[in-house]
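Written out below as structure tokens is the structure these notes cover.
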Number of protein chains: 2
Amino acid sequence: MLDSAVKNQALLAMAAALEAKTPKILQANFLDRQRARQNKLSAALLDRLTLNEKRVQAMAEGLRALTKLPDPNNRVLEKIRRPNGLRIEKISVPLGVIATIYEARPNVTADAAGLCFKAGSASLLRGGSDAAESNKIIAATLRQALQARGLPPDIIQNIESADRHAVGELLNLREYIDLLIPRGGAGLIQKVVRESSIPVIETGTGNCHVYVDESARLKKALNIALNAKLSRPSVCNAAETLLVHEKIAAKFLPQILQAYQKAGVKIHGCVKTRKYNPAVLPATPEDYAREYLDLEIAVKVVADIDEALEHIYRYGTKHSEAIVTENKQNAEKFLQKVDAAAALVNASTRFVDGGEFGFGCEIGISTQKLHARGPMGLRELMSYKYFVHGKGQIRK
Amino acid sequence: MLDSAVKNQALLAMAAALEAKTPKILQANFLDRQRARQNKLSAALLDRLTLNEKRVQAMAEGLRALTKLPDPNNRVLEKIRRPNGLRIEKISVPLGVIATIYEARPNVTADAAGLCFKAGSASLLRGGSDAAESNKIIAATLRQALQARGLPPDIIQNIESADRHAVGELLNLREYIDLLIPRGGAGLIQKVVRESSIPVIETGTGNCHVYVDESARLKKALNIALNAKLSRPSVCNAAETLLVHEKIAAKFLPQILQAYQKAGVKIHGCVKTRKYNPAVLPATPEDYAREYLDLEIAVKVVADIDEALEHIYRYGTKHSEAIVTENKQNAEKFLQKVDAAAALVNASTRFVDGGEFGFGCEIGISTQKLHARGPMGLRELMSYKYFVHGKGQIRK
């Protein structure tokens, strides 16, 4: 196990190495983008693939930020003293080897490698093939920085094989890999979940709702509904459906629909919603189920909080769900009943994030219930182990 | 979510119902055993299958014991206060639906159902087909007790289909099942791990070692080595290999080998071990890898603690590993370096157990690193959820 200071020095060295290699990284990224354009990659995906000086700088800063966080390893999580004199300690330990499979976003290569390294684990990285050249040089740079400090470079490994079967094989190396984190679209995640025998943590599918209750303050509701949709539509904690109590609909809907329209949001609404604005398109069940990740939203009028909860139960992805209400009982009911990683009262869904929760970083937001739920920071990348201290005790 | 008192009353009702139904349960069990004998089930498996009045009583007592344990649900695990005024609480919540697949041990039907019920989860039970009649009546009895108290009986479900494909289908109901726990032999566990898309927790394979260090006190070492092997050879936390530092071998080995022999233990030893006792059989690598679960053990002389750690790394199953030593540095080294759910200093491996750890019960001992490691009690059967309390906060 590496000492905390050794890890932090190495992270600083990795950051400096990325900065020093910026020209080569941008050159490799240029080749990726050239090929990606030939492959007709969409503008949004091209943007995610694109690196520039500022983005390389941001990767380096991400690594530096990790050095400020407490070491999650070797912490005493619990002490138990037994009547027979046994002293039991529950101690945090690294998971071991963490594999991350992600789309063509080269910044994830540095992020995931850094997080796993700080958490004491080795990382296996498999990014989207459109970013192959970028990932190769970024991983090589990080590995060189490790080696220059006398550390084994193989604790960061980029899987370069262009062969798609490589992923299939990876998914079954249970003996060697302790955790597999798929980051990306629902298709990738489902494939990994179906095919992997390695424990997987599902992250990032967020069909999040904002429910505006009868008693909501108008101003709060407007702020939250706008912020949840508009502050960054492409991320998983952005709202995708707005649910409105029918008794507040006449006051609230005209304002919010107009505000959305003004911001260029395409709106799919139920019959009642459409009465308040002729530009609203009719909403289908598919519209309620979609994670738009874009300037697009579904809006539905509901009879009460129970209908809101039912709707969320049917269409939600167990990510983040918000209620706007001044009614304490309804707030409590919503918190208790909604089945999601995070339930929010009078706050934007956009706060469900490792940084905003004070974790300092995150590798993703888990939407499953095992091991970790919600934002996963360093602590959520750890396992634990029991130390049992005896004086010769035997069991009767 | 059921109230704690409601759950405890129901558990008492289930216990009473099992006792009241004892004659019918024994009748069903008689049919199972009749068929099992025709199917040439081994004596050991027949014993595990067998119920009698005392064993039914023990199942009932197990359910009653659960009522004494604190409710693991709705506990505040952590409170976070953010600079923007957001109050975040991390709250324990049930996993949802827990499926348990196990061999022909009808007592597991009541145990697993009771544990999951107390943990707030529904249970799906699939026991070995040799115990089909017993499982059917036990599950029906528990369900009737729930129904009589106005609770939905379907929160305990026994999968009765004799069709082996039923398990295959179960393994892929990821949408409906939150956790799958295979209990039983390595074959069953590996099948489940390979085929399931549902999160699995591996339990119970224990190739556990006792390492007697150079500085060990002879008496402690003898007690621990005997207890770890003999107190209950058929369970996963029993020792399967004894490792002995070469400098203590001449003093320790003659005594322990004789003691094992006297107790009827079959011994597989390395060349050095065999010098101390002519009855010791030569040990092969397969002998070091085997989980005997019987009066049988492998014994090896090692040069030092490092060779002991290497041996454990190669052959261990990450369950429970013990060192007997008076050397504090070696104790610390062993605790830190050995890759197992539990590392013990001067104590028998047999203590790695939910009851002995003070958890009050256990559904198994996890040998994987994700979610829960080591003994799994009620707390390890829970998930969590974040409650975020705001006053209208939006994200910049």
Taking B:A308 and the conditions (1) within 12 Å of B:V212 (Cα to Cα); (2) more than 8 Å from chain A (Cβ to nearest Cβ); (3) not in a helix (DSSP H, G or I), which numbered condition does it fall short on, given that it satisfies the others? (3)
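Step by step: first the residues of segment A:87-139, then only those that are of a type in the set (K, R) and over 20 Å from the mean Cα position of the chain (by Cα), then the one that is least open to solvent (accessible area, probe 1.4 Å). Which residue is that?
Filtering segment A:87-139 down to residues of a type in the set (K, R) leaves A:87, A:90, A:105, A:118, A:126, A:136.
Next, from what is left, pick out any that are over 20 Å from the mean Cα position of the chain (by Cα): A:87, A:90, A:136.
Numbers: A:R87: 95, A:K90: 27, A:K136: 91 Å².
Going through the qualifying residues, I end up with A:K90.
At pLDDT below 95 and either under 20 Å from the mean Cα position of the chain (by Cα) or open to solvent by 30 Å² or more (accessible area, probe 1.4 Å) (or both): is that true of A:R33 in this structure? Reasoning before the result, please.
Values: at pLDDT below 95: no; either under 20 Å from the mean Cα position of the chain (by Cα) or open to solvent by 30 Å² or more (accessible area, probe 1.4 Å) (or both): yes.
Against the criterion (at pLDDT below 95 and either under 20 Å from the mean Cα position of the chain (by Cα) or open to solvent by 30 Å² or more (accessible area, probe 1.4 Å) (or both)), A:R33 does not qualify.
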Output the residues belonging to segment A:244-278 that are open to solvent by less than 60 Å² (accessible area, probe 1.4 Å) and part of a loop (DSSP other than H, G, I, E, B). A:A263, A:G264, A:V265, A:C270, A:N277
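Looking for whichever is under 23 Å from A:A308 (Cβ atoms), open to solvent by less than 30 Å² (accessible area, probe 1.4 Å) and of a type in the set (S, T, N, Q) here; the options are A:T203, A:T241. Which one fits?
Working: A:T203 fails: under 23 Å from A:A308 (Cβ atoms).
When all the criteria are applied, what remains is A:T241.
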When residues of segment B:371-392 are filtered for being free of Cβ contacts under 8 Å to residues at least 60 places away in the same chain and over 25 Å from A:R82 (Cα atoms), how many remain? 1
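Would you be able to say whether some residue in segment B:193-207 is modelled with pLDDT of 95 or more and over 30 Å from A:T203 (Cα atoms)?
Narrowing segment B:193-207 to residues modelled with pLDDT of 95 or more: B:207.
Now narrow it down to the ones that are over 30 Å from A:T203 (Cα atoms): B:207.
Yes; the residues of segment B:193-207 include at least one that is modelled with pLDDT of 95 or more and over 30 Å from A:T203 (Cα atoms).
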Might you let me know whether segment B:68-79 holds any residue that is closer than 30 Å to B:H389 by Cα, open to solvent by less than 60 Å² (accessible area, probe 1.4 Å) and free of Cβ contacts under 8 Å to residues at least 60 places away in the same chain? yes
Checking the structure you have, find out if any residue of segment B:231-249 is within 14 Å of chain A (Cβ to nearest Cβ), in contact (Cβ under 8 Å) with a residue 40 or more places away in the chain and among the acidic types (D, E). no
Matching residues, segment B:156-173, being touching a residue at least 24 places away in the same chain (Cβ under 8 Å), open to solvent by 40 Å² or more (accessible area, probe 1.4 Å) and closer than 13 Å to B:L124 by Cα: B:Q157, B:I159, B:E160, B:L173
Go through (1) at pLDDT below 95; (2) outside any helix (DSSP H, G or I) for A:V93 and report which single condition fails. (1)
B:K247 - would you say it is under 19 Å from B:E326 (Cα atoms), in the same structural domain as B:L293 (by TED's automatic domain parsing) and in contact with an Asp or Glu (Cβ under 7 Å, 6 or more places away or on another chain)? yes
Selection count, segment B:352-369, where residues are small (G, A, S) and either at pLDDT below 90 or buried (at least 23 other Cβ atoms within 10 Å of the Cβ) (or both): 3
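Which ranges mark the strands (runs of 3 or more DSSP E) fully within segment B:321-396 that have 2 or more residues being at the interface with chain A (Cβ under 10 Å from one of its Cβ atoms)? Steps first, please.
Values: elements: B:342-347, B:364-366, B:374-376, B:382-393.
In segment B:321-396, the matching strands (runs of 3 or more DSSP E) lie at B:342-347, B:374-376, B:382-393.
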A:S215 vs (1) at pLDDT 95 or above; (2) over 20 Å from the mean Cα position of the chain (by Cα); (3) in the same structural domain as A:L66 (by TED's automatic domain parsing); (4) open to solvent by 10 Å² or more (accessible area, probe 1.4 Å): all pass except (3)
Return the pair list, or none, for Cβ contacts closer than 9 Å from residues in segment A:37-60 that are at pLDDT 95 or above to residues that are outside any helix (DSSP H, G or I) and aromatic (F, W, Y), at least 6 apart or on different chains. none
Quick check: anything in segment A:279-294 among the acidic types (D, E), under 21 Å from the mean Cα position of the chain (by Cα) and open to solvent by 10 Å² or more (accessible area, probe 1.4 Å)? yes
Kindly list, by first and then second residue, each pair from a residue in segment A:201-223 that is at positive phi to a residue that is part of a helix (DSSP H, G or I) and not charged (D, E, K, R), limited to pairs with Cβ atoms under 8 Å and residues at least 6 apart or on different chains. A:G204/A:I189
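The values are calculated or read from the model by the stated rules, or taken from the named source; none is laboratory data. Every value quoted in this text rests on a predicted model; they were computed, and no experiment measured them. Don't worry about glycine lacking a Cβ; one is built from the backbone with ideal geometry, like all the others, and counts go over all protein chains shown. Areas reflect the complete protein model, heavy atoms only, side chains present, ligands, DNA and RNA absent. Shrake-Rupley method; radii C 1.70, N 1.55, O 1.52, S 1.80 Å.
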